[in-house]
Structure formats: structure tokens, C-alpha cells
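Here the structure comes first, spelled out in C-alpha cells, and everything after it is commentary.
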Amino acid sequence: MIVLDVRDVYKTYVRGLRDADVVAVRGVTLKLAAGEIVAVIGSSGCGKSTLLHLCGGMDRPTHGDVRIEGRSLTTLDDDQLTRVRREQIGFVFQFFNLLPTLTVAQNIGLPLLLAGQTDAEVARRAVAVSARVGLSHRIEHYPQQLSGGELQRAAIARAIIHTPSVLIADEPTGNLDSENGARVVELLLELNQKFGVAILLATHDDMVASVAQRVLHMQDGRLVRVVTATGVESPIDKGGKS
């Protein structure tokens, strides 16, 4: 089953003067199947983060279409798009983005609270998912009391508490040392293998990319190369399609 279907997507940022416009993503097409891990790699400024934001409905393409489980995001209004993000997409960021005034349990449960779940249900599921990521002993702590690795595990717990169809991770180990980075990668791999979470991630780290079934190489906003886990290279047409 295809859970994410990106079709000939472009993203242009208008800078005022026409010749100053920036085309961050150029004609990218890709598919992500249920249970699959796909990594996007490339130098800074190549369009990785922009592509992930488009895939997750955090930004809208200038041209093209993004579909989650067959539903086009480009046809949705802002309220509908917010609901899709809350129910079907999970996000993990390089800098964690936890709220400092909330406990770990409250941060993890925030997506359910925003979706209108009862306090009791939010608390129950926050406890359950915190155990899944190894943070049961930290749920009453605040973010400033956690290590970098623990912060990212809390962020991952928040991203999966609503059992999304797609988990989007933008440089999930980029702010961690190698040891904690490896632990986060192990956790992502475990979530994928045990629970079938489909993962699309952007990274500069070869170790992170090595867990993916496919690695998509980006350059100047285009997909220029696709390599499978077995080392087989797939062709890319001029539109950057995979």
C-alpha cells in the first residue's frame, strides 16, 4: 500500500523581484509504501527539508500534488490540512521542539490533547508510548532535565502517539552525539519493524541513511540518484522521478 505519493512537485519562494525567486524543489516524484524507510540525502540547501515539509503538509507546493493514503493535500483548506497532520502524519525535528513548560508526558500527549481526546486517555497513551521509547522514568521531568538523546526520544514518542501513517524525520540525529544518534536510529528501526511505521527522513549521516530501503540523492532541488539497500541504482528521469 502506498501511504505517501508525491507527484511532480515544485516549490518556488518568491523574493519580490522575479529574477530573485528561489526554486527549492524541482519536479520531484516519489512514493513511500507502508512499512518502508526512505532516506533523502544531499548537501545543505539542496531542498531536503523543503521536500519533507511538502510531504508532511507543513507547506504547499507551487505545482504538483502530494497524497497521503490517496487523499490529495493540495485540495484541502487550512483546517482540513491541520487535521490530516494531527491524525496521519508524525514529525520529528533536529531541535526536538518540545515545550519547556510542559512535562515529558504532557509534551508526548499534546497531539491527542489538541485532537480533543480526554485527559485520562491522553495520560494513558502517553504513559504507554513513553515506555515504548524507554522514557518511563522521565515522564514527570521537564525538557531541560533531559539529555539530548532523551529529548529526541520524547520527540519521537510525541510523533507516534497518534499512530500516524507516515513519520517524517528531518535530520533526527543532527543535534546529537554519535552514541545518542545511534540509539535514535535503533529506535526508529524498531518502530518501523515492530509497528510498520513508514518513515521518510532527511539526513547528512551515512549511518542513518544505511537503515533505509532506498536512499534518494538530491541536488539543486531535484532527485538525481536512487540507491536501494542492496546497492542497486535506479534510474532517474529528467523530472527527478523515483
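Some points to look at:
- Criterion: modelled with pLDDT of 90 or more and surrounded by fewer than 21 Cβ atoms within 10 Å (Cβ to Cβ) - qualifying residue of Gly239, Gly231, Gly148, Gly196: Gly148
- Just so you know, in the range 166-193 the residues that are under 25 Å from Ser43 (Cβ atoms) and of a type in the set (S, T, N, Q) include one that is surrounded by the fewest Cβ atoms within 10 Å (Cβ to Cβ), and it is Ser178.
- Test: Gln94 is within 19 Å of the chain's Cα centre (by Cα) and either surrounded by fewer than 19 Cβ atoms within 10 Å (Cβ to Cβ) or free of Cβ contacts under 8 Å to residues at least 12 places away in the same chain (or both): yes
- Condition check for Ile161: closer than 22 Å to Gly35 by Cα, aliphatic (A, V, I, L, M), within 20 Å of the chain's Cα centre (by Cα) and at pLDDT 95 or above: no
- Hits in the range 54-88 (condition: part of a helix (DSSP H, G or I), at pLDDT 95 or above and not aliphatic (A, V, I, L, M)): Cys55
- Within the range 54-82, the set of residues being out of contact with any strand residue (DSSP E or B) (no Cβ under 9 Å at 6 or more places or on another chain) and either surrounded by 14 or more Cβ atoms within 10 Å (Cβ to Cβ) or among the polar types (S, T, N, Q) (or both) comprises Leu76, Gln80, Leu81, Thr82.
- Selection status of Arg15, of a type in the set (Lys, Arg), closer than 26 Å to Met218 by Cα and out of contact with any His (no Cβ under 8 Å at 6 or more places or on another chain): yes
- From the list Val224, Val208, Val185, the lone residue that is assigned to a strand (DSSP E or B) and at negative phi is Val224.
- Among the criteria (1) assigned to a loop (DSSP other than H, G, I, E, B); (2) in contact with a helix residue (DSSP H, G or I) (Cβ under 7 Å, 6 or more places away or on another chain), the one Gly45 does not fulfil is (2).
- Thr230 meets all of the listed conditions (1) outside any loop (DSSP other than H, G, I, E, B); (2) more than 17 Å from the chain's Cα centre (by Cα); (3) of a type outside the set (A, V, I, L, M, F, W, C) but one, namely (1).
- Residue count, the range 102-133 (criterion: without any contact (Cβ under 8 Å) to a residue 40 or more places away in the chain, assigned to a loop (DSSP other than H, G, I, E, B) and either of a type in the set (S, T, N, Q) or surrounded by 13 or more Cβ atoms within 10 Å (Cβ to Cβ) (or both)): 3
The values are calculated or read from the model by the stated rules, or taken from the named source; none is laboratory data. Given the structure is predicted, the values throughout are model-derived calculations rather than measurements. As a convention, Cβ positions derive from the backbone with ideal geometry for all residues, glycine included, and neighbour counts pool all protein chains shown.
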